[in-house]
Amino acid sequence: MKKRFLSASLAVILTASVVYPVSIQEVRAANETSNVIVAQEERLTAKEFLELAVTSLTFQHGSEAMRQEIMDKWVKEGELQNLSTAIKRDEVARILVRALDKEEKEASLADYLEKANKLGLFKGISENSETISKQDATKIFSTFKTIKNGTNNEGVKEISVEDFMKNPGNFGYQLSPDGNYITFASAWESRSNVFVKKMNDDSEPVRVSSSKDRDISGFFWKDDTLLYAKDKGGDENFHIYSSSFNGKEEKDLTPYPGVTVGVLSNLQGVKDEILIMMNKEDAKVFDVYKLNVKTGETKHVAKNPGNVSNWVADRDGNIRIAVVSDGVEGTILYRETEKDEFKPFIEMAAGDEVNPLAFSKDNKYIYATSNKGRDKVQAVKYDLEGKEEVIMSNDEVDVAGVLYNSEKDKILYGAYMTDKAHYQFFDEDFEKLFRKIQNKLGVEESELGINDYNKEMTKFIVSVSSDTVYGKYYYYDSTTDEITELATLSPWLKSEELAEMHPISYKSRDGLTINGYLTLPKNKEAKDLPLIVNPHGGPWARDMWGFNPEVQLLANRGYAVLQVNFRSSTGYGKEFLQAGNKQWGLKIQDDITDGVQWAIDQGIADPERIGIYGASFGGYATLAGITKTPDLYAAAVDYVGVSNIFTLLDTIPPYWETMRNMFYERVGHPETDKELLTEASPVFHVDKIKTPLFVAQGANDPRVNQAESDQIVEALRARGVEVEYMLKENEGHGFQNEENRIEFYNAMVKFFDSHLKK
């Protein structure tokens, strides 16, 4: 079936007297297992059946693009040529078999019908008619869901908080530049440390770091030297460390108090030196330095005048690009050599994002992502005159990122995320290799990642992850075509006992399409469940499909979990992000509320047992939810969340100073928007809070200071309202230490159970 046919049919349906998508009442009827169904004997056309099927069998109720994508999977090109004629039983069978993911080697409609009958999809449907009525469809959809879910409504065995939240084992596998060693992170003394193992050798891995106070946050190779980064107690002042091979001699290469470091370039071909950024001279901005990884010696390379938010080096390690911004508008600056002055290269208006990624091999082109002059971020290439060539775009979402290979001097693929991650390839050989690995592992495109490879692109580290698979790592050798499993994350968690994450969409009260995810408890009927809405942080971020330990924990305890990408979420274009400007606690909160109401209207959520839990901005949304809609929530958990926007803006980390105007633009100005921010700050509306509240905070949080949690707790306690408060002195913006994670999630589950399972 061609896409243009379905797109046209949707327009017809939305203006016809029989309105599709079907009403909420009809959706609920399709969810019901009772026999109370209004008889409607009219025979359904193909277009009517498809619209009804997408509405009833999926949770895509708001996004026309996602509905179309599902239809395209169910109906292939050349099938259902006339959508206005009555759909036949065998055509329905083909759609349902595909929707159940049961398609095998069926060669004809008769084969699909035989498969559907064996599955019991037409149970209770008269065999006297070749066509389908709306009443038939409702019965079929109910049977379909019973077959797909296979539920006896007893749930699954309870899995401990510890099993979800303890360190998952070996992860973060990388290859050394020569491909002779493999590195990974694993727990030692309850902290993530770095290990090295020689390839094709039976020797035990060697631990090369000895961190007992804090997890290693990342690691990388510089030639034959392994470097890693960590902070202290969650203060986010990351330093770069080197270590001897046995881990006995840890050396802080950037031992400057209150300074945070970022890696700018590995300086390929330059012995023992890398380019880093540090806010050593001025806490507000980052200068560029060369760092000798053997001695720790630093050399000042570029001075920040006060408004540079990012630097880019060319292939020879010369700083040729600087990104300057006042937080709202900005300019990409360029220079021919480090002896020249920077000159304007690309201007950025409010809302524009141009992110230079890398220079080409000959230093004549610059790869970047950009939404300048358009709504969606695209992958582009600029010449040195600033002329843009679009490499990749997507009509529905932003390009999420690209994989550039310096040896081939080309982008191998670009990624975009609708419901899940998808790829567009630009190198035929690499795509063939990707598909070969994908087929070997028997996984979907969105479940496979290429994590690392050697210079020759013959040795690869790949990973597999999904909504019910935490992660598996593999080593693939393309010269032998052999693939070897390296590790499984949290192998004690069994995929068959975990809950599926369903992409959803719905319309906000003012007509925006809101996308998100709904995770339903395993082996439970999706009816009148306790539900926890989990707004993400940022808010300039987004939730994604994949494994989420805290979501799985809550689903394991019998909760439906709703995650929504409300306005201001990234990935959906400039207009959608800017629709959230100065809407904290207002339209952003309405999007979250509308999502909860959508789940209630579907019959999924019990309106008397709704909880809300979020971290960072999600913590703010939790507090805003229980002040703006106090009757909606029966329990709330605020994790490192904002309670007072004025004090938030007054205490941002110094190195966020170049973004201050962005906060004023997107959140509000403390003077000119005083009334707005007062209305949006939960701490000023504690008199409205009647929902039981649990607050958790890290004392060293540089983003959302401890005072944010202290304020709301003290204000409620002053009113005689008891608030459960967990404060950790050795944590920052979220609990990273294993013992603290386990304690927090045990307390959170106990709290929700006490209020939502009465």
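Please say if region 671-755 is rounded, prolate or oblate, where rounded means a/c under 1.5 for a ≥ b ≥ c the square roots of the C-alpha gyration tensor eigenvalues, and otherwise the choice is prolate for a/b larger than b/c and oblate otherwise?
Details: a/c = 2.45, a/b = 1.35, b/c = 1.81.
Oblate.
Only helical DSSP H runs with n ≥ 4 go in: add -39500 (n - 2.57) per run for the chain, normalise by residue count and round the 222 nm mean residue ellipticity to 500 deg cm²/dmol. Please report the intermediate quantities before stating the final value.
Numbers: 18 runs with 193 residues, N = 758.
-7500 deg cm²/dmol, from helical runs alone.
Projecting each Cα onto the charge dipole of region 647-692 (Lys/Arg +1, Asp/Glu -1 at the beta carbon, about the Cα centre), which of L648, N661, H685 comes out farthest on the positive side?
H685
How high is the relative contact order of region 46-132, in percent, counting Cα pairs under 8 Å that sit 6 or more residues apart? Walk me through the numbers on the way to the answer.
On the way: 60 pairs, mean separation 25.0, N = 87.
Dividing the mean separation by the residue count of region 46-132 yields 29 percent.
Taking H placed 1.01 Å from N in the peptide plane, check which residues at least 5 places from L267 or on another chain put their amide H under 5 Å from its amide H.
L275
Given Cβ point charges of +1 (Lys, Arg) and -1 (Asp, Glu) and nothing else, what value in debye, to the nearest 20, does the dipole of the chain about its Cα centre take?
About 780 debye.
Can you grab the distance from the C-alpha centre of region 579-626 to the C-alpha centre of region 76-94, Å, no decimals?
So the two Cα centres are separated by 40 Å.
Which of rounded, prolate or oblate describes region 348-454 when judged by the alpha-carbon gyration tensor and an a/c cut-off of 1.5? Walk me through the intermediate numbers first.
Numbers: a/c = 2.84, a/b = 1.42, b/c = 1.99.
The shape class here is oblate.
Averaged per residue, what accessible surface does region 46-132 expose to a 1.4 Å probe, in Å²? Walk me through the intermediate numbers first.
Numbers: 4050 Å² over 87 residues.
Ligands and nucleic acids excluded, the result is 47 Å² per residue.
Over the chain, what number does the Rg to Rh ratio reach, with both radii from the alpha-carbon atoms and Rh per Kirkwood?
Working: Rg = 27.4 Å, Rh = 28.3 Å.
Taking Rg over the Kirkwood Rh, I get 0.97.
Compute the normalised compactness of region 46-132: alpha-carbon radius of gyration over 2.2 N^0.38 Å, N being the residue count. Intermediate results must be reported in sequence, preceding the final value.
Values: Rg = 12.7 Å, N = 87, 2.2 N^0.38 = 12.0 Å.
For region 46-132, the normalised Cα radius of gyration comes out at 1.06.
At 0.36 nm per residue, and after removing the present C-alpha to C-alpha distance, how many nm does the segment from T151 to D90 gain when stretched out fully?
Numbers: separation 61, 0.36 × 61 = 21.96 nm, distance 2.68 nm.
That works out to 19.3 nm of additional length.
Largest first and to the nearest Å, give the Cα extent of region 495-757 along each principal axis.
51, 40, 33
So what does log10 I(q)/I(0) come out to for region 149-292 at q = 0.08, 0.14, 0.16, 0.17 Å⁻¹, using the Debye formula with one equal point on every Cα and no solvent?
-0.30, -0.73, -0.90, -0.99
Please report how far the C-alpha centroid of region 489-548 lies from that of region 715-758, rounded to the nearest whole angstrom.
22
Taking the Cα centroid of region 103-137 and of region 642-714, what is the distance between the two, rounded to the nearest whole Å?
With region 103-137 and region 642-714 each reduced to a Cα centre, they are spaced 57 Å.
At a 1.4 Å probe radius, which order do K574, K118, K410 fall into by accessible area, largest first?
Values: K574 35, K118 155, K410 65 Å².
Highest to lowest solvent-accessible surface, that is K118, K410, K574.
Please compute the alpha carbon radius of gyration of region 411-461, then divide it by the globular-protein estimate 2.2 N^0.38 Å. Two decimals is fine.
1.13
Using Cα pairs under 8 angstrom and six or more residues apart, how large is the relative contact order of the chain, in percent? Spell out each step's value before the answer.
On the way: 1610 pairs, mean separation 76.2, N = 758.
That works out to 10 percent.
Once you have a ≥ b ≥ c as the square roots of the Cα gyration tensor eigenvalues for region 218-342, tell me rounded if a/c is under 1.5, and otherwise prolate or oblate according to whether a/b is larger than b/c. Before the final figure, lay out the partial values.
Numbers: a/c = 2.45, a/b = 1.46, b/c = 1.68.
Cα axes put region 218-342 in the oblate bin.
For the chain, what proportion of DSSP beta bridges, expressed in % and rounded to the nearest 5, is antiparallel? Don't skip to the end; give the middle numbers.
Working: 113 of 136 bridges.
Among the beta bridges of the chain, antiparallel pairing accounts for roughly 85 percent.
Dividing the convex hull volume of the Cα atoms of region 629-669 by its residue count, what figure in Å³ per residue is obtained? Mind dumping the intermediate values first?
Working: hull volume 3.7 nm³, N = 41.
Each residue corresponds to 90 Å³ of Cα convex hull volume.
Mind grabbing the accessible area of Y506 for me, 1.4 Å probe, Å², rounded to tens?
Answer for Y506: close to 10 Å² accessible.
How many times 2.2 N^0.38 Å is the alpha carbon radius of gyration of region 90-147? Show your work: numbers first, answer last.
Numbers: Rg = 10.6 Å, N = 58, 2.2 N^0.38 = 10.3 Å.
Against the empirical 2.2 N^0.38 Å value, I get 1.03 for region 90-147.
Considering Cα pairs under 8 angstrom that are at least six residues apart, work out the relative contact order of region 550-606 and quote it in whole percent.
On the way: 35 pairs, mean separation 15.2, N = 57.
Once normalised by length, the contact order is 27 percent.
Return, for the Cα atoms of region 385-439, the radius of gyration and Dmax in Å, separated by a comma.
Values for region 385-439 (Cα only, Rg and Dmax): 12.6, 43 Å.
Quick one: how many Å² of Y620 are accessible to a 1.4 Å probe, rounded to 10?
Spelled out: Y620, probe radius 1.4 Å, area about 0 Å².
The values are calculated or read from the model by the stated rules, or taken from the named source; none is laboratory data. Note that the structure is a prediction, hence the values are computed from the model and not measured. We place every Cβ from the backbone using ideal geometry, glycine too, and count neighbours over all the protein chains shown. The area values use the complete protein model at the heavy-atom level, side chains included, leaving out ligands, DNA and RNA. Shrake-Rupley method; radii C 1.70, N 1.55, O 1.52, S 1.80 Å.
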